[in-house]
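Quick note: the coordinates plus some simple rules give every number you see, no bench work behind them. Model, not experiment: these values are computed from the prediction. Here the Cβ positions follow ideal geometry from the backbone for every residue, glycine too, while neighbour counts run over all protein chains shown.
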Amino acid sequence: MKVIEKVYHYLFYALVFTIPFEDNIRIVPNILMGVLFVLLPFVEKSFKHKLISNKTYLIAIVFTLFIGLTSLVFGTFSDDFNILKKLLILIAVIILSIPIQRHTNVLLLFILSVALGNLISIFNIGLYVWEVGGFEIASGEKINEILFIERLYFGFINCLSIAFSLRLWSKSSKILKRGFIVSILFSVFMILLVASRMAILTSLVICFLKILHHTNVKKTLIALGLGLCVIVAMFFLNDNLAKRFMYVDKQKDLLHKIREWEPRFVIWKCGFSNVASSNHELFLGDGFYQTQQRLNDCYINSISKEKRLKYFLETRFNTHNQYLDLLLSKGIFGLCFLLLLIYWLIHKNKRDINQLNILIVLVLFGLVENFLHRQIGVYLFALVLVVLTVKNSEDNILDE
């Protein structure tokens, strides 16, 4: 490998390492991508041909172009620009990934980055407990200030780290396998500690599928039972889990408490009512900005408590579901492009449980978050596409 190629690879690895910290050091990944684009023609002269011949990347690019062109045609480009510019990161990352030959190093650097973020979070949690004498983080914005990234994405990247570790574990030596087991247990512990609900469910799913793939049903059920016992124990040891899942600190029955305290109950109700509205453009959508405006109108009509309504309007809650968001903003065609991409990735990786687990993390995360609305979400989406595009034969041995 030439010197310039080595430099390019190290810079790309550095880009991957910075992704979990993107909210805090946004300028760093931007600089790295700029330098990588300058070096790209010297490292990979046929990158255009490889880009077009890659079906996964081609679908992703067409998906992005469709979103941009529909905004342009319907005159919502300026209103939607804040989201459209973030989607350019998707195209940029997949283009820059074309010359990368050691994809195992990409996974390893991401796992190490998440571990570093977890250590920083533990340090911050320790300081918080020392200062206030407790660890009440079931609700409120305080937990997002304590963690190195907000709780929802904290859970997402830890689930990705678990999925990446499971993939590398399958092809590693005994010593490295122990390291990946430690990484998995560390991420699971952090997910339980901060009571990230979707991450807990997602980690259970991917671990269950991994064990089921390598053992029989009986052993899998035993492992699942042990895992559930650990979670139940954590419910008793960590009050935040009970408060996050069961709202035990609130009065009245559970269903009432969910309707009263879970924002997504109102958000999704408004989202689906807008889908059924006669004003909704079913096939091509209403645009991102108009979708948000109609959600705000629905909040005004649905929420009676003034303080809660003010919170919803100031926060400008989006649909918190990537599939519902595309159905509203880009119609059936926009949603079908994303589903086509997911279907293609399933078809391409159907014989590899490790790859499918990585995809499952993304798919489940999309049920509770609009990851295309956040810059870090687009980075993570692009990273998953890059990882799932690698051929199995390219990734049999962990690079030293």
| query | So which of K6/K348; K171/K350; K219/K350; K2/K45 end up more than 21 Å apart by C-alpha? | reply | K6/K348; K219/K350
| message | With no other cysteine's Cβ closer than 4.7 Å, which Cys residues of the chain count as lacking a disulfide-compatible partner? | response | C159, C207, C229, C336
| field | Computed [θ] at 222 nm, deg cm²/dmol, the chain (DSSP H ≥ 4; -39,500 (n - 2.57); rounded to nearest 500) | value | -24500 deg cm²/dmol
| task | Towards the positive end of the charge dipole of region 1-111, with charges on Cβ (+1 Lys, Arg; -1 Asp, Glu), say which of L39, L108, I4 has the farthest Cα. | result | I4
| request: Could you give the DSSP H helices of the chain that reach 27 angstrom or more along their long axis (alpha carbon positions) and whose average Kyte-Doolittle hydropathy is no lower than 1.0? | output: 77-96, 103-132, 174-193, 217-237
| field | Sequence-distant lysines (8 or more away, or on other chains) whose Cα lies within less than 29 Å of K142 | value | K86, K243, K250, K252, K257, K269, K305, K307, K310
| remark: Other residues with Cβ under 14 Å from the Cβ of Q290 give, with Lys and Arg +1 and Asp and Glu -1, a net charge of -3
| Taking the Cα centre of region 16-150 as the origin, how large is its charge dipole in debye, to the nearest 20, when only Lys and Arg (+1) and Asp and Glu (-1) carry charge on their Cβ atoms? | 900
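Per-residue counts of other Cβ atoms within 10 Å, averaged by peptide: what ranking do you get for 24-30, 327-333, highest first?
Details: 24-30: 13.3, 327-333: 22.9.
Most protected by this proxy first, the peptides run 327-333, 24-30.
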| task | Give the distance, in whole Å, between the Cα centre of region 314-334 and the Cα centre of region 339-376. | result | 17
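Which net charge results for the neighbourhood of I346, defined as the other residues with beta-carbon distances under 15 angstrom from its beta-carbon, given Lys and Arg at +1 and Asp and Glu at -1?
Values: positive: K55, K348, K350, R351; negative: D352.
Within the 15 Å Cβ shell, the charges total +3.
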| Where N is the number of residues in the chain, Cα Rg divided by 2.2 N^0.38 Å | 1.01
